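**Student:** My questions all concern the structure below.
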Amino acid sequence: MFTSDEVASGVRYKAVADWAVLGKKLRKDLVKVKTALPDVPSDDVKQYVETGKIVVGGIGLVEGDLQVQRYIELPAGHETQYATHTDNDVVVRLDIKAYPELTSEWLVREMTNRVQKLRKKGGLQATDDIDVYYKFEGGSGEEIVAAMERHVEAMQKTVRNIPVDERERKGGDTLIAEEQEVAEIKFMLSLVRP
């Protein structure tokens, strides 16, 4: 969602100074500004952007004396759900929470990607009829298998068939087999001519 409503979005303003430049201008008054600057309210900094004037620690400053940075102040408890970034023109708040349905889709895309890369590495065409087998070690891979079962159509549309557990293999010549890793889970992936 895009919005220019800074208040509703939690956009805040803070002022920072180039102390070397400001030190030459203010000399002995620099300490007053340096002490007071962190406590200048966001609304005052926003007003400085609009008017080009601000009083910090009793010292009047004008446009160019301070640089203004915009940021998003996240509500308490939301630090692990959102990430923020700004280039001072645009402020972005991104939902970084892992949702199970999106994780499932990602796992299927990763598995599809591994099959396609292995096809290419084996010199196979998209139209070549092959069976795909996986072999997870020590009971791992349940989440990947569950994701493939939930997204059968998407996987079939892309790789033409669903990878099957190596234990269900009915024979055929192995064209290429290679160790893969998805979501820190290592497994063998084999392409077999039926």
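The values are calculated or read from the model by the stated rules, or taken from the named source; none is laboratory data. Keep in mind that what you see is a predicted model, and the values were worked out from it rather than measured. All Cβ positions, even for glycine, are placed from backbone atoms using ideal geometry, and neighbour counts span all protein chains on display.
**Student:** I'd like the residue in the stretch 1-51 that is of a type in the set (S, T, Y) and touching a helix residue (DSSP H, G or I) at 6+ places or on another chain (Cβ under 8 Å) and, out of all such residues, is nearest to Q67 (Cα to Cα).
**Tutor:** For the stretch 1-51, the residue satisfying everything is Y13.
**Student:** Please verify whether the stretch 110-120 includes one or more residues that are without any contact (Cβ under 8 Å) to a residue 24 or more places away in the chain, surrounded by 14 or more Cβ atoms within 10 Å (Cβ to Cβ) and closer than 30 Å to T3 by Cβ.
**Tutor:** Looking for residues that are without any contact (Cβ under 8 Å) to a residue 24 or more places away in the chain, surrounded by 14 or more Cβ atoms within 10 Å (Cβ to Cβ) and closer than 30 Å to T3 by Cβ, one finds none in the stretch 110-120, hence no.
**Student:** So, one more: So for the stretch 128-137 (the condition being touching a Leu at 6+ places or on another chain (Cβ under 6 Å) and of a type in the set (F, W, Y)), does at least one residue qualify?
**Tutor:** yes
**Student:** Can you name every residue in the stretch 150-194 that is in contact (Cβ under 8 Å) with a residue 40 or more places away in the chain, on the phi < 0 side of the Ramachandran plot and small (G, A, S)?
**Tutor:** Hits for the stretch 150-194 are A154, S190.
**Student:** Given (1) among the small types (G, A, S); (2) assigned to a loop (DSSP other than H, G, I, E, B); (3) within 30 Å of L175 (Cα to Cα), where does S104 come up short, assuming only one miss?
**Tutor:** Among (1) among the small types (G, A, S); (2) assigned to a loop (DSSP other than H, G, I, E, B); (3) within 30 Å of L175 (Cα to Cα), the lone unmet condition for S104 is (2).
**Student:** I need a count of the residues in the stretch 88-140 that are more than 18 Å from V159 (Cα to Cα) and β-branched (V, I, T).
**Tutor:** So the answer is 5.
**Student:** Please specify each residue of the stretch 142-175 satisfying the condition of being within 17 Å of L107 (Cβ to Cβ) and among the polar types (S, T, N, Q).
**Tutor:** Q156, T158
**Student:** Assess whether K135 counts as being among the basic types (K, R), in contact with a helix residue (DSSP H, G or I) (Cβ under 6 Å, 6 or more places away or on another chain) and more than 19 Å from P100 (Cβ to Cβ).
**Tutor:** When the stated conditions are applied, K135 passes them.
**Student:** Is at least one residue of the stretch 41-54 more than 24 Å from D87 (Cβ to Cβ), in contact with a strand residue (DSSP E or B) (Cβ under 6 Å, 6 or more places away or on another chain) and of a type in the set (A, V, I, L, M)?
**Tutor:** no
**Student:** If you go through the stretch 55-90 one residue at a time, how many are in contact with a strand residue (DSSP E or B) (Cβ under 7 Å, 6 or more places away or on another chain), at pLDDT below 80 and aliphatic (A, V, I, L, M)?
**Tutor:** 2
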